[in-house]
Amino acid sequence: MSDTPVAEMSFEQAMSELEQVVGQLERGDVALDDSIKLYERGAALKARCEAKLKEAEEKVAAITLDGNGEPSGLTPVEGQ
């Protein structure tokens, strides 16, 4: 596991570590206390990935198109 706080991770970093966590849990060769810590870290990583994906979706949705279907600018996303 990385020492990087989950809140500071990029989507790619969080996804990569989440895959490692899932792999360790699936193997089942981790002590119970460590499994609990891994599960908690995995839940935080999953939430980070979901938040980053939502952020990206909102940015894509904010792109406006002109009459020719060409990107013409950005519309502010609510809540930002």
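Quick notes on this one:
- Test: residue in segment 53-72 that is part of a helix (DSSP H, G or I), modelled with pLDDT of 95 or more and open to solvent by less than 100 Å² (accessible area, probe 1.4 Å): yes
- Across segment 1-38, the number of residues qualifying as in a helix (DSSP H, G or I), loosely packed, with under 14 Cβ neighbours inside 10 Å and either acidic (Asp, Glu) or in contact with a Leu (Cβ under 7 Å, 6 or more places away or on another chain) (or both) comes to 6.
The values are calculated or read from the model by the stated rules, or taken from the named source; none is laboratory data. These figures come from a predicted structure and were not determined experimentally. All Cβ positions, even for glycine, are placed from backbone atoms using ideal geometry, and neighbour counts span all protein chains on display. To get the accessible areas, we keep the full protein, side chains included, count just its heavy atoms, and leave off ligands, DNA and RNA. Shrake-Rupley method; radii C 1.70, N 1.55, O 1.52, S 1.80 Å.
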